[in-house]
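The values are calculated or read from the model by the stated rules, or taken from the named source; none is laboratory data. Note that this is a predicted model, so its numbers are computed, not measured. All Cβ positions, glycine included, derive from the backbone under ideal geometry; neighbour counts span all protein chains shown. Areas reflect the complete protein model, heavy atoms only, side chains present, ligands, DNA and RNA absent. Shrake-Rupley method; radii C 1.70, N 1.55, O 1.52, S 1.80 Å.
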Amino acid sequence: MEYTGLYQKYAINRPLTRLELEHALNIHQKLDLPLAYQLAVIRINNTYLELVDKYFRWKGVMSSVLLACFYIIPIGCASIALDFILIASGASPSPYYSPQQAWTQAVLLLLFGPGLIGSALIWLLRKEAFALTHYPIRLNRKSRKIFAFQPGGKIVEFDWDHSFFCLGLGKSNTWEIQGHKLDVEGKVSATFAFSELAVGAKDRELLKQHWEFIRRYMEEGPASVIQEVKACLPIANQREAFCFGVQRNDFYVNSTPLSVRLAFLLIYIATYPGRWLAMRTSSIPVWPENVEKQCPVAPGDPYYRDASMNP
C-alpha cells in the first residue's frame, strides 16, 4: 500500500532529486523485457490507453481500519471516562487525582474526545470514501498527451515527450513508476504514478516490465502490446462487483502457494466492508468533453478492447 498523493501530496516546486535522476526512464529506449500489463487496463484502442491508478488495488483497506476505529474509540473513551467517574465518586480512590480533577477529566473526555478523534477519522475516511471510485490515467498516443485524474477530481495534462519518467521511491521502501511535469526552470510542477508498485530493490526492476508495456504502446502502437491484454477492468462506467474483485485479487498472487492465495482472499473478505463503503459512496469518474474530443475512437478499431469483451 502506498498512499502518497492521496493523504500526503507529492512534493512539487522542487528540482528533481538525485535518486529520480539515477532511476530515470527513457521513452525512446526499448527494454528487452517481458511485457506486464498487470490487470491495469480499463480500455485500449488505436487512440488511447486508459489505466487505473495505484490506489485502486488497496481501496477500502484504510476505510476498514477507520470503521473499526469508529467502534473502538468511543468504547475506549467511555471506559476511561467511567474510571474517572468511579474515582470522582469515591468508589475507586486514586492517589493521582482528586475527585474534582477526576470529574473534570471525565467531562472533558466525554465532551471532546470522541468529537476531536472522530473529526480526524472522518477526514481520513473522506480520502477513500465520498470521493472517486478510481483515478484513471489516459495516454493518447496520437496527440502524445497524458490526462491523469488526481485525488480531489482535478485532471492534470502531461506531455509524453516532455515529461520526466522514473522509478520513484515512496514510503515504506515502496517503488512506483512516476511521471513528473516540469516547468521552464526544470522544477517539478505536478506528479502522477502508474498503478504498479514494488517493495525493495529486487522487485523494483520488475516495474520496468510494466513501464515497457506502457512505453511500447505510446512509441510503437497497440499492435505491439494488445496480445498481452487478457482482460480489462470493468470499472469505466460501473463500480467493481464483488466476484470480479476476488478474481482481480487472485490475479496478483496466482503464482504463489495456495496458502498465500487463501491468506490474501481472507484479507480481501475481511476488508471488503470498507471497500464496499468506499466504492458505494464514491462517484464514477467522467472524462470532460474537452478530453473526449481529443480522444476519438475510429469505428471498427481492430485494437479496441474494454471489459465488455472480457473472456
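Output the number of residues of segment 235-256 satisfying the condition of being outside any helix (DSSP H, G or I) and at pLDDT 80 or above. Before the answer, list the steps.
Initially, segment 235-256 is screened for residues outside any helix (DSSP H, G or I), giving 235-241, 254-256.
Pick out the ones that are also at pLDDT 80 or above and you get 235-241.
Going through segment 235-256 one residue at a time, the tally reaches 7.
Could you check segment 55-91 and list, in sequence order, the residues that are part of a helix (DSSP H, G or I), small (G, A, S) and open to solvent by less than 20 Å² (accessible area, probe 1.4 Å)?
Applying the first criterion (part of a helix (DSSP H, G or I)) to segment 55-91 yields 56-58, 61-89.
Cutting the leftovers down to small (G, A, S) gives us 63-64, 68, 76, 78-79, 81, 88-89.
Those that are part of a helix (DSSP H, G or I), small (G, A, S) and open to solvent by less than 20 Å² (accessible area, probe 1.4 Å): S63, A81, A88.
I'd like the full set of residues that are under 18 Å from M62 (Cβ atoms), in contact with a Leu (Cβ under 7 Å, 6 or more places away or on another chain) and open to solvent by less than 30 Å² (accessible area, probe 1.4 Å), limited to segment 126-167.
Listed by number, the list holds a single entry, A129.
Out of all the residues in segment 290-311, which are among the basic types (K, R) and touching a strand residue (DSSP E or B) at 6+ places or on another chain (Cβ under 6 Å)? Spell out the reasoning first.
Kept after step one, since they are among the basic types (K, R), are these residues of segment 290-311: 293, 305.
The one that is among the basic types (K, R) and touching a strand residue (DSSP E or B) at 6+ places or on another chain (Cβ under 6 Å): R305.
Read through the list (1) at pLDDT below 95; (2) under 22 Å from the mean Cα position of the chain (by Cα), then give the number of the only condition that W287 fails.
W287 satisfies every listed condition except (1).
Only one of (1) over 19 Å from L49 (Cβ atoms); (2) aromatic (F, W, Y); (3) in contact with a strand residue (DSSP E or B) (Cβ under 9 Å, 6 or more places away or on another chain) is not met by Y272, so which one is it?
Exception for Y272: condition (3).
Checking the conditions here, which among E205, E212 is among the acidic types (D, E) and open to solvent by less than 20 Å² (accessible area, probe 1.4 Å)?
Only one candidate qualifies: E212.
Take G170 and decide whether it is within 21 Å of the chain's Cα centre (by Cα), closer than 20 Å to F56 by Cβ and surrounded by 18 or more Cβ atoms within 10 Å (Cβ to Cβ). Steps first, answer last, please.
Values: within 21 Å of the chain's Cα centre (by Cα): yes; closer than 20 Å to F56 by Cβ: yes; surrounded by 18 or more Cβ atoms within 10 Å (Cβ to Cβ): yes.
Criteria met by G170.
Evaluate the following for V52: is it crowded, with 19+ Cβ neighbours inside 10 Å, at pLDDT below 90 and within 25 Å of the chain's Cα centre (by Cα)? Give the derivation first.
Working: crowded, with 19+ Cβ neighbours inside 10 Å: yes; at pLDDT below 90: no; within 25 Å of the chain's Cα centre (by Cα): yes.
It is false that V52 is crowded, with 19+ Cβ neighbours inside 10 Å, at pLDDT below 90 and within 25 Å of the chain's Cα centre (by Cα).
Could you count how many residues in segment 4-32 are modelled with pLDDT of 95 or more and either among the polar types (S, T, N, Q) or touching a Lys or Arg at 6+ places or on another chain (Cβ under 7 Å) (or both)?
Number of matching residues: 8.
Collect the residues in segment 173-202 that are surrounded by fewer than 19 Cβ atoms within 10 Å (Cβ to Cβ) and among the acidic types (D, E), keeping them in residue-number order. So that I can check it myself, show each step before the final result.
Initial filter on segment 173-202 (surrounded by fewer than 19 Cβ atoms within 10 Å (Cβ to Cβ)): 173, 182-187, 189-190, 199-202.
If the condition is that a residue be surrounded by fewer than 19 Cβ atoms within 10 Å (Cβ to Cβ) and among the acidic types (D, E), then D183, E185 are the ones that fit.
Scan segment 274-302 and report the pairs whose first residue is over 17 Å from P151 (Cβ atoms) and part of a loop (DSSP other than H, G, I, E, B) and whose second residue is open to solvent by 10 Å² or more (accessible area, probe 1.4 Å) and among the small types (G, A, S), with Cβ atoms within less than 7 Å and a gap of 6+ or a chain change.
Once the first residue is over 17 Å from P151 (Cβ atoms) and part of a loop (DSSP other than H, G, I, E, B) and sits in segment 274-302, its partners that are open to solvent by 10 Å² or more (accessible area, probe 1.4 Å) and among the small types (G, A, S) give Q294/S143.
Out of D53, D32, report the one residue that is within 25 Å of K145 (Cβ to Cβ) and among the acidic types (D, E). Steps first, answer last, please.
On the way: D32 fails: within 25 Å of K145 (Cβ to Cβ).
None of the other options fit; the residue is D53.
Taking interchain pairs and intrachain pairs at least six residues apart, which have beta carbon atoms under 7 angstrom, with the first residue in segment 206-234 and more than 15 Å from I42 (Cα to Cα) and the second open to solvent by 30 Å² or more (accessible area, probe 1.4 Å) and assigned to a helix (DSSP H, G or I)?
S224/R216
Mind telling me which of the residues E22, E2 ends up being acidic (D, E) and open to solvent by 50 Å² or more (accessible area, probe 1.4 Å)?
On the way: E2 fails: open to solvent by 50 Å² or more (accessible area, probe 1.4 Å).
After ruling out the rest, the residue left standing is E22.
So V41 passes all but one of these: (1) open to solvent by 40 Å² or more (accessible area, probe 1.4 Å); (2) in contact with a Leu (Cβ under 7 Å, 6 or more places away or on another chain); (3) under 17 Å from F213 (Cβ atoms). Which condition number does it fail?
Tallying (1) open to solvent by 40 Å² or more (accessible area, probe 1.4 Å); (2) in contact with a Leu (Cβ under 7 Å, 6 or more places away or on another chain); (3) under 17 Å from F213 (Cβ atoms), V41 fails exactly one: (1).
Among the numbered criteria (1) small (G, A, S); (2) without any contact (Cβ under 8 Å) to a residue 40 or more places away in the chain; (3) not in a strand (DSSP E or B), which single criterion is violated by G179?
Among (1) small (G, A, S); (2) without any contact (Cβ under 8 Å) to a residue 40 or more places away in the chain; (3) not in a strand (DSSP E or B), G179 violates only (3).
Which residues, taken from segment 120-168, are among the acidic types (D, E) and either part of a strand (DSSP E or B) or farther than 16 Å from Y3 by Cα (or both)? So that I can check it myself, show each step before the final result.
Step one: filter segment 120-168 for residues among the acidic types (D, E), giving 128, 157, 159, 161.
If the condition is that a residue be among the acidic types (D, E) and either part of a strand (DSSP E or B) or farther than 16 Å from Y3 by Cα (or both), then E157, D159, D161 are the ones that fit.
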